[in-house]
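Undergrad: Right, I'll just put the structure down here and ask away after.
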Amino acid sequence: MDLAAQAGLYLHVPFCRRKCPYCSFFSFAPSAGDVQRFLEAVRLQMRRLAAAPERAPLAFATVFFGGGTPSLLPVAALAGLLADCHQLFSFLPAEPEITIEVNPGTIDARGLAQLRRAGFNRISIGVQSLDDTELGLLGRIHTAGEALAVIAAARAAGFDNLSFDLMYGLPGQTVSSWQATLDRALALAPVHLSMYELTVEQGTPFAGQQNPWTLPAEDEVLAMMAAIDTAVGHSGLVRYEISNYAVPGRECRHNLNYWHNGFYLGFGPGAVSACGGERRTAVADLPAFCERLRTGRPVWDEVERLDREAAFRETVIMGLRLLAGVSISALKQRFDLDLPAYYGPTLKRLLAQGLLALQGERLALSREGLPLANRVMAELV
Ligand code: SF4
């Protein structure tokens with residue numbers, strides 16, 4: 001696989017109308033002038049990265065506008081940023097996958113039609129739940145009805161490559177309310193679904209919040225996971241990553257590149273770029289990001305150079321998130337390291353415990369290993 005010929009572009013929009021109390025992503029409600037400052041700075045960063053020597057060998061297959069809430073920006077600004085991507089970077093001849101994340105509380109049918117016309121061809125909608133009580137407890141700015149209306153409007157606008165995000169393990173959620181969300185979501189026949197268990201991140205208001213709602217017990221969360229398996233079994237969606245399901249051929253190409261530990265350029269404060277043997281993270285602070293670009297200083301807060309073995313281990317761990325696992329021969333070719341010899345007794349034990357499985361020359365998490373993925377990865381890191 002030629003990773004340099006299928007790199008990804010990521011643009012991080014750090015704005016949200018209101019911060020959800022469980023969220024640890026870098027985003028905030030913009031003050032007057034922030035959007036304009038962000039747009040000017042990010043355009044400058046794109047031009048700089050386009051001229052950087054380390055990006056010269058890369059050809060791009062995907063663009064992903066994420067956040068934060070990209071759909072909070074004016075559609076004309078989003079279209080302008082996408083036009084800049086096309087002007088500054090070389091894309092593969094095949095149609096690139098161009099995704100935008102949308103929060104249902106921030107866009108209408110007209111905006112969606114404009115996004116489609118601007119060239120976005122994949123939409124990822126943050127539905128999270130189809131139960132208004134759960135959405136309220138999560139601090140989401142939209143109702144289930146608004147999410148359904150945005151899904152219908154996106155389809156009418158011509159987005160056939162449409163994904164939703166759903167969450168389980170939520171405060172106030174029961175196995176039957178999750179089943180109801182799941183059934184309604186699947187009845188909408190998405191070609192891609194991402195389903196994540198809520199994790200309470202330290203430092204978020206949710207972690208310290210004193211409220212009468214408790215999270216579902218572990219056995220209830222396991223029952224919610226089992227409900228996914230049963231419901232998805234009849235839907236035409238196939239699980240291809242720990243938390244992601246797609247109609248075959250509609251897997252998210254942009255995220256596949258991350259799981260293959262490929263190359264990508266990230267724009268915006270807090271965004272990460274990986275190319276030229278380095279991984280660089282831009283400062284996660286809008287004023288500092290703008291100031292560094294204005295004065296010609298590097299925007300990076302962190303530059304990490306992974307040696308061959310660290311990059312190998314990382315590639316194994318990322319690849320094991322995929323149900324197809326990793327190819328031992330491809331790893332050998334890329335890193336000149338033999339996976340069975342490298343992990344030796346640890347690998348043998350994980351295979352004997354039935355947490356990993358060999359399928360021909362591929363190594364993957366087994367069905368039993370999937371719910372214990374974090375434990376398995378911790379042994380291989
Ligand atoms: S909308 Fe998304 S990015 Fe914004 S605060 Fe909520 S969860 Fe975080």
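Undergrad: How about segment 28-46: which of its residues are within 16 Å of the ligand (Cβ to nearest atom) and either within 18 Å of R292 (Cα to Cα) or surrounded by 13 or more Cβ atoms within 10 Å (Cβ to Cβ) (or both)?
TA: F28, P30, D34, V35, F38, listed by residue number.
Undergrad: Is it the case, given these coordinates, that G344 is modelled with pLDDT of 95 or more, surrounded by fewer than 16 Cβ atoms within 10 Å (Cβ to Cβ) and not hydrophobic (A, V, I, L, M, F, W, C)?
TA: yes
Undergrad: Would you mind telling me which numbered condition in (1) over 20 Å from G126 (Cα atoms); (2) surrounded by 15 or more Cβ atoms within 10 Å (Cβ to Cβ); (3) acidic (D, E) D219 fails?
TA: Tallying (1) over 20 Å from G126 (Cα atoms); (2) surrounded by 15 or more Cβ atoms within 10 Å (Cβ to Cβ); (3) acidic (D, E), D219 fails exactly one: (2).
Undergrad: Of the residues L81, L39, L44, which single one is more than 30 Å from L215 (Cα to Cα) and in contact with a strand residue (DSSP E or B) (Cβ under 8 Å, 6 or more places away or on another chain)?
TA: One residue alone meets the criteria, L81.
Undergrad: Name the residue, out of F64, F25, that is assigned to a strand (DSSP E or B), within 16 Å of the ligand (Cβ to nearest atom), closer than 24 Å to C252 by Cα and among the hydrophobic types (A, V, I, L, M, F, W, C).
TA: F64
Undergrad: Within the bounds of segment 269-286, is there any residue that is part of a helix (DSSP H, G or I) and surrounded by 21 or more Cβ atoms within 10 Å (Cβ to Cβ)?
TA: Yes - at least one qualifying residue is present in segment 269-286.
Undergrad: Can you list the helices (runs of 4 or more DSSP H) lying wholly within segment 291-381 that have 1 or more residues being closer than 28 Å to E218 by Cβ and more than 27 Å from the chain's Cα centre (by Cα)?
TA: Filter on segment 291-381 gives 339-352.
Undergrad: Is it the case that some residue within segment 77-91 is away from the ligand (no atom under 16 Å from the Cβ), of a type in the set (S, T, N, Q), over 20 Å from F164 (Cα atoms) and modelled with pLDDT under 95?
TA: Looking for residues that are away from the ligand (no atom under 16 Å from the Cβ), of a type in the set (S, T, N, Q), over 20 Å from F164 (Cα atoms) and modelled with pLDDT under 95, one finds at least one in segment 77-91, hence yes.
The values are calculated or read from the model by the stated rules, or taken from the named source; none is laboratory data. Quick caveat, the model's predicted, so the values are computed rather than measured. Note that each Cβ is placed from the backbone with ideal geometry, even for glycine, and that neighbours are counted across all protein chains shown.
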